[in-house]
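The values are calculated or read from the model by the stated rules, or taken from the named source; none is laboratory data. For clarity, every value in this text was computed on a predicted model and none was experimentally measured. Using ideal geometry, Cβ is built from the backbone for each residue, glycine included, and neighbour counts are taken over all protein chains shown.
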Amino acid sequence: MPTLVIALSDILLDPKNPIDLSTISSSQALQIIKQSYGFLSDAVEVSIENGIATIVLPDDKSKKVNDALDWFDRGLKKAKQGDYQNAIQLLKRTLEYLPAHTDARRNLAMAYLESGDQDEALNQLIDVLRLDPKDAWGYILLGNIYVKHKEDRKTGEQFYKKALELNPKDPYLLNNYAAVKGENGQTDESQAMFEKAIEIEPSYPNSYYGLATLLSRMNRKKEALSSLEKLFAQPISSDPRAAVVYDHSRALFKSLNEELADENNEAIMAFVHSRANAVEGITGYPMEIIEDDSLQGITAKSELAWRHKTNRHIIRHRSGSKSIVPHLIMHEMEHILLEHEAREAGKNKLFAVTEDQKRFGREQIQPDLHKLDDAGLDRSQKEEIISRWLFGLTNQLYNCPIDMVIEKRLYNKYPELHPYQFVSLAQTQSEYLKVLTEPEIQKISPRLVMRSSTAMNCSYALFADWLYGNTTEYSKLYKNSNVFALGEKLFSAFLSKQASKNDATWRTIYTRRRICSSPQVGRMVHFRRGPCPDRASAGRSNQCRSSQGERIGNGDVLLGHIKTI
């Protein structure tokens, strides 16, 4: 017959008011034990000798033991899938036939806890510890209930302490106990426990998040960010309960970067100007940085000395948050460096859109031009919008892969810039999402323009998620769109080429007839080597522009370093 042998001092009755049964009479102890273990059977037999209780359960041969074990396995699977209600029913059936099955009872308690029934979970865990007073997980879960749900850290810590005595290397216990230590102001002990938990179980996300939260409260923001980066360097857990941990971790990563980008503006601007001096030395031209709110449609642009035939480089940027301006300037400086490197290597190329290609582009969007008629616009307004569509698409086509190169270079070269880069790119992603989510934009835009532009935005979102090691989820909102596969293809083209170490050999990754998988868009652009033509030699080209889209002469050439990623 099933038998339990337990020391009287180990029998758990009331977690809040523990009683040592070895200190009372045997007759009282017998009565209490029979009542406490009645959940096993009405016919339980109890005897006491030398401070040890022997509890004997009746052996009913008619019980469906094999069926009960099958229900147990199925209950565990349901719980792992997050189907806690069905898990509860299966585990309860298991315990009807195997009432002393501690694993089934503990998992039943966990299912109750996940479904929101803390009281029933508490009852089941007390029974677990009555069956096995050395069940460390039972103490851990009791501690969780008192700390997280009953807001009773003192009682919860008692259970964590008992569990730690039984299993000092349990990473889940160390994580939970570390959180309590942190709440109690015992920061050194808390940090040591979190770090030990990570060392024992590197795949457990909660410990990284807990450590990051602790370090953030201690105003050690950079160390907190490092902990979160290490979290997302691990494979994503398939446990559905981990989803909320990842959500909170991403939110903390974002807020920490925003806080850091709001601090020490003088220091970062001093760094930016020191880099400007370095770029001057590399390119041989002085650098002027100008705040210019007359810029339209862009936040910053660079005017390169050799392209404008002037004696200096000029970077213009709109006034804005001090959190993003340092990144805007550094981005433009890196653009200048890239073109300088391309020129030095003899790899500089032109990005051209001819009149024939413009006509071709107009033909492709012709079926959707009735949308402008419906909007009640006059002829000149329609022509202006059509020109913006075509130029905007080719300009995005040119800049999207180049911007990936620049942002990757900035991230790898300048750790000081990281918070400002993160905040600036977050703002960019927010603007790009409007193309996907705002009905008015979709209502008036041609399908070809929408599809191609959104696909490139999607590829840039995938790039940002890749750059930040999945601490962001910018691409998530694109997953249900009809361009996600296209965006993935474009980003895959970047990944397939980005291992090149020679930045001066970059050419475009969106080559002719591969642009957005669209021959129509591919025929709208071509590349050729040489300087920007002047007005006399431009021929049929209409407008020479820089990589940021500013006017710099007569012609229709988008000029810059077209680089292979």
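All conditions but one from (1) over 21 Å from the mean Cα position of the chain (by Cα); (2) modelled with pLDDT of 95 or more; (3) in a helix (DSSP H, G or I) apply to Leu410; the one that does not is (1). Filtering the stretch 36-46 down to residues that are at pLDDT below 75 and under 17 Å from Ser9 (Cα atoms), which residue is surrounded by the fewest Cβ atoms within 10 Å (Cβ to Cβ)? Selected residue: Ser36.
Listed conditions (1) of a type in the set (Ser, Thr, Tyr); (2) modelled with pLDDT of 80 or more; (3) surrounded by 15 or more Cβ atoms within 10 Å (Cβ to Cβ); (4) under 50 Å from the mean Cα position of the chain (by Cα) are all met by Ser22, apart from (4). For the stretch 233-255, the set of residues classified as part of a helix (DSSP H, G or I) and touching a residue at least 60 places away in the same chain (Cβ under 8 Å) consists of Ala233, Pro240, Arg241, Ser249, Arg250, Phe253, Lys254, listed by residue number. Across the stretch 298-316, the qualifying residues are those that are outside any strand (DSSP E or B) and of a type in the set (Ser, Thr, Tyr), and the one among them that is modelled with the highest pLDDT is Thr310. Applying the criterion of being closer than 13 Å to Asp368 by Cα and among the basic types (Lys, Arg) to the residues of the stretch 419-450, the residue that is surrounded by the fewest Cβ atoms within 10 Å (Cβ to Cβ) is Lys443. Considering only residues in the stretch 49-81 that are among the hydrophobic types (A, V, I, L, M, F, W, C) and modelled with pLDDT under 85, the one that is nearest to Leu12 (Cα to Cα) turns out to be Ala53.
Condition first: touching a residue at least 60 places away in the same chain (Cβ under 8 Å) and either in contact with a helix residue (DSSP H, G or I) (Cβ under 8 Å, 6 or more places away or on another chain) or among the hydrophobic types (A, V, I, L, M, F, W, C) (or both). Can you find one or more residues in the stretch 426-437 that meet it? Within the stretch 426-437 (the criterion being touching a residue at least 60 places away in the same chain (Cβ under 8 Å) and either in contact with a helix residue (DSSP H, G or I) (Cβ under 8 Å, 6 or more places away or on another chain) or among the hydrophobic types (A, V, I, L, M, F, W, C) (or both)), the answer is yes, since at least one residue qualifies. In the set (1) free of Cβ contacts under 8 Å to residues at least 24 places away in the same chain; (2) closer than 30 Å to Asn167 by Cα; (3) surrounded by fewer than 19 Cβ atoms within 10 Å (Cβ to Cβ), Glu263 fails one condition alone, (2). Among the residues examined, Leu304 does not qualify as surrounded by fewer than 21 Cβ atoms within 10 Å (Cβ to Cβ) and either in contact (Cβ under 8 Å) with a residue 40 or more places away in the chain or not charged (D, E, K, R) (or both).
Could you check, for the stretch 369-387, whether at least one of its residues is within 24 Å of Arg307 (Cβ to Cβ) and modelled with pLDDT of 85 or more? Yes: the stretch 369-387 contains one or more residues that are within 24 Å of Arg307 (Cβ to Cβ) and modelled with pLDDT of 85 or more. Are any of the residues in the stretch 283-297 surrounded by 19 or more Cβ atoms within 10 Å (Cβ to Cβ), outside any strand (DSSP E or B) and either in contact with a Ser or Thr (Cβ under 6 Å, 6 or more places away or on another chain) or of a type in the set (D, E, K, R) (or both)? No, because not a single residue in the stretch 283-297 is surrounded by 19 or more Cβ atoms within 10 Å (Cβ to Cβ), outside any strand (DSSP E or B) and either in contact with a Ser or Thr (Cβ under 6 Å, 6 or more places away or on another chain) or of a type in the set (D, E, K, R) (or both). For first residues located in the stretch 185-207 and touching a residue at least 12 places away in the same chain (Cβ under 8 Å), partners that are of a type in the set (S, T, N, Q) and part of a loop (DSSP other than H, G, I, E, B) and lie 6+ apart or on another chain with Cβ distances below 6 Å form the pairs Ser203/Gln234; Pro205/Ser237. One residue alone among His370, His313 is crowded, with 19+ Cβ neighbours inside 10 Å, over 34 Å from the mean Cα position of the chain (by Cα) and free of Cβ contacts under 8 Å to residues at least 40 places away in the same chain, and that residue is His313. Annotation: Ala493 fulfils all but one of (1) over 18 Å from the mean Cα position of the chain (by Cα); (2) crowded, with 23+ Cβ neighbours inside 10 Å; (3) of a type in the set (Gly, Ala, Ser); the unmet one is (2). No other residue among Gln364, Gln396 is under 28 Å from the mean Cα position of the chain (by Cα) and buried (at least 18 other Cβ atoms within 10 Å of the Cβ) apart from Gln396.
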